[in-house]
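The values are calculated or read from the model by the stated rules, or taken from the named source; none is laboratory data. Everything numeric here is computed off the predicted structure, so don't read it as measured data. Reconstructed Cβ throughout: ideal geometry from the backbone, glycine too, with neighbour counts over all protein chains shown.
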């Protein structure tokens, strides 16, 4: 995929994607084009992430008017530098690690009757996520683009896997939310039992 084609595809997918367009988006013969697309989207937003972090440091520096506050600026700068470095590494690692999530989604789609192969699931997930990949960083309204990406994925799953809208929603939203709630409850109960046990073993004063 050349740069011109990449930019054109991103412009076409920047908001809500018509359901029928997923027929063309999932015709790539391999994983290469969609991987480059995902990597490019992450690399495009990296400078924005760095700029926002630097802006945050600048705002903190401006509000540090006292002598004590100015003395802490080098430490604060070091913290921001480490934070930026970690953020960059995490974002780059998210590209290959995303395929684990794609695999989980593919399994869920198969459980509700999905008919497409893993390659098409990867493609619909990457191209459908374009709004959230490129624009979810925008303060206050970023969630709107995240929601647009979610809608794209649901419609893409419905079209590509030839399932009903309800089945697509169950696979993409309902099952993951239910699993997350169950896991959260189990974690709370686990730590609750641990704390209760510690309380029973503490000596009475």
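Here are the numbers for the structure shown:
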| quantity | calculated |
| --- | --- |
| Conditions (1) surrounded by fewer than 13 Cβ atoms within 10 Å (Cβ to Cβ); (2) assigned to a helix (DSSP H, G or I); (3) modelled with pLDDT of 85 or more: number failed by residue 30 | (2) |
| Count of residues meeting criterion [free of Cβ contacts under 8 Å to residues at least 40 places away in the same chain, crowded, with 18+ Cβ neighbours inside 10 Å and not in a loop (DSSP other than H, G, I, E, B)] in the stretch 132-144 | 1 |
| Selected residue (criterion: nearest to residue 16 (Cα to Cα)) from residues of the stretch 152-187 that are touching a residue at least 24 places away in the same chain (Cβ under 8 Å) and surrounded by fewer than 16 Cβ atoms within 10 Å (Cβ to Cβ) | 162 |
| The listed residue being modelled with pLDDT of 95 or more and either surrounded by fewer than 14 Cβ atoms within 10 Å (Cβ to Cβ) or not in a helix (DSSP H, G or I) (or both), out of 75, 86, 100 | 100 |
| Every pair of residues 6+ apart whose Cβ atoms lie under 7 Å, when the first sits in the stretch 108-120 and is without any contact (Cβ under 8 Å) to a residue 40 or more places away in the chain while the second is outside any loop (DSSP other than H, G, I, E, B) and buried (at least 20 other Cβ atoms within 10 Å of the Cβ) | 118/106 |
